[in-house]
Amino acid sequence: MKRGILVFDHYQQEWRAWLGQQSFWVEQGQSFELRIQTRYLKATLEKDFDWFITLESEVRFVLHTHEVYKIRIKRQDYMPVHAPF
């Protein structure tokens, strides 16, 4: 697992995972670990009217598009934003 941040791309209206200087696509339904205080909890990105995260399959909260969230992801599970198709 690699540590990074989850940031909202206001131009594309989507969330991106950043590991160092490289950004990765984050799609609805993808799982990662979200850091809360000193613990990482399993999280799933979802959207209805707002973007939100479900933690540990129980707790849901709305993401704020101007916040930066600390995360951990398996890099091989995510596609770089500028990757050729």
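Structural remarks
- Reduced Cα scattering model of segment 13-53, Debye log10 I(q)/I(0), q = 0.15, 0.23 Å⁻¹: -0.41, -0.88
- Surface calculation, 1.4 Å probe, protein heavy atoms: Ser31 sits at approximately 50 Å² accessible.
- Put Arg16, Arg39, Arg72 in order of accessible area, highest first, and with a 1.4 Å probe you get Arg39, Arg72, Arg16.
- Counting only heavy atoms of the protein chains and using a 1.4 Å probe, Lys70 has close to 110 Å² of accessible surface.
- Length-normalised contact order for the chain - Cα pairs under 8 Å, 6+ apart - percent: 34 percent
- Accessible area in the full protein assembly, largest first, 1.4 Å probe, for Trp15, Trp51, Trp25: Trp25, Trp51, Trp15
- Pairwise Cα inverse-distance average, inverted: Kirkwood Rh of the chain (Å): 13.0 Å
- Residue order by solvent-accessible surface for Thr44, Thr38 is Thr38, Thr44, largest first, with ligands and nucleic acids left out and a 1.4 Å probe.
- Probe 1.4 Å - accessible area at Phe32, Å² to nearest ten: 10 Å²
- Among the GluC sites (Glu not before Pro) within the chain, those in coil by DSSP and having at most 15 neighbouring Cβ atoms inside 10 Å are Glu27, Glu56, Glu58, Glu67.
The values are calculated or read from the model by the stated rules, or taken from the named source; none is laboratory data. Quantities reported herein were computed from a predicted structural model and do not represent experimental measurements. No Cβ is skipped: glycine too gets one built from the backbone with ideal geometry, and neighbour counts run over all protein chains shown. All accessible areas refer to the heavy atoms of the entire protein, side chains included, with ligands and DNA or RNA removed. Shrake-Rupley method; radii C 1.70, N 1.55, O 1.52, S 1.80 Å.
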